[in-house]
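K.L.:
This is the structure, below, for whatever I ask next.
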Amino acid sequence: MSGHRKLQRLGRLVDLREREVERLSAEMADKRIVRQRYLDNLARLEQLCESSGQSGAQALSPTLSLNVGGYKQAVMKMADAHRLDLSLHEAQMQTTQRLMTVAAQRHEALDQVLVRQRRGVQRFQNAREQKRQDELAAQVWLRGRK
């Protein structure tokens, strides 16, 4: 395989790795937004639970007290479900973060290989050009001696 073709393929592979990092980065940004929604919802649920008042308050009728207690239990149950979902979501975020780190490392490694390969090809081309120039100079010198 020619050096030029090899560089093209390696360049495409570097581009693919870069796109993978970008995709995972965008996915991570989306997950951060969802995580913030969970946190905001949990704050609202806690506020609802606090603002509903005390379920066993003396001023409330027994029926109303039971109603408030049931409401608070439902809100707390929903908050617990949100906490569980949040913890699962954060675990997914950690996995995505690890994948993004690995993808970035692979991209960086391939990019360094590509840079080294390009330098090698450039050195080879420079040496070939220098050899050509030397041969031309030698021909001119030999012609001048005749």
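The values are calculated or read from the model by the stated rules, or taken from the named source; none is laboratory data. Keep in mind that what you see is a predicted model, and the values were worked out from it rather than measured. Counting neighbours? That spans all protein chains shown, and the Cβs are built from the backbone with ideal geometry, glycine included.
K.L.:
Please tell me if Glu46 is under 30 Å from Val75 (Cα atoms), surrounded by 13 or more Cβ atoms within 10 Å (Cβ to Cβ) and of a type outside the set (Lys, Arg).
P.N.:
Yes.
K.L.:
Please verify whether Val115 is over 23 Å from the mean Cα position of the chain (by Cα) and under 30 Å from Glu18 (Cβ atoms), treating the condition exactly as stated.
P.N.:
yes
K.L.:
Right, next: Please specify each residue of segment 14-58 satisfying the condition of being in a helix (DSSP H, G or I), small (Gly, Ala, Ser) and modelled with pLDDT under 95.
P.N.:
Ser51, the sole residue that qualifies.
K.L.:
Please list, ordered by first then second residue, the pairs with beta carbon atoms under 7 Å, 6 or more apart or interchain, first in segment 1-27 and touching a residue at least 60 places away in the same chain (Cβ under 8 Å) and within 14 Å of Val113 (Cβ to Cβ), second acidic (Asp, Glu) and surrounded by 12 or more Cβ atoms within 10 Å (Cβ to Cβ).
P.N.:
Short answer, once both residue conditions are applied: Val14/Asp111.
K.L.:
Val115 passes all but one of (1) over 25 Å from Met28 (Cβ atoms); (2) touching a residue at least 12 places away in the same chain (Cβ under 8 Å); (3) among the hydrophobic types (A, V, I, L, M, F, W, C); which number fails?
P.N.:
Status for Val115: all satisfied but (2).
K.L.:
Six or more apart or on different chains, Cβ under 8 Å: which pairs go from a residue in segment 29-55 that's in contact (Cβ under 8 Å) with a residue 60 or more places away in the chain to one that's of a type in the set (Asp, Glu)? Could you list them?
P.N.:
Nothing qualifies.
K.L.:
I'm trying to understand the selection: among the residues of segment 90-146, which are of a type in the set (D, E, K, R) and within 30 Å of Arg9 (Cβ to Cβ)?
P.N.:
Correct list: Arg98, Arg106, Glu108, Asp111, Arg116, Arg118, Arg119, Arg123, Arg128, Glu129, Lys131, Arg132.
K.L.:
Now, a different point. Return a yes/no flag: does segment 84-94 have any residue that is surrounded by 13 or more Cβ atoms within 10 Å (Cβ to Cβ) and in contact (Cβ under 8 Å) with a residue 60 or more places away in the chain.
P.N.:
Checked against the condition, which is being surrounded by 13 or more Cβ atoms within 10 Å (Cβ to Cβ) and in contact (Cβ under 8 Å) with a residue 60 or more places away in the chain, segment 84-94 yields at least one hit.
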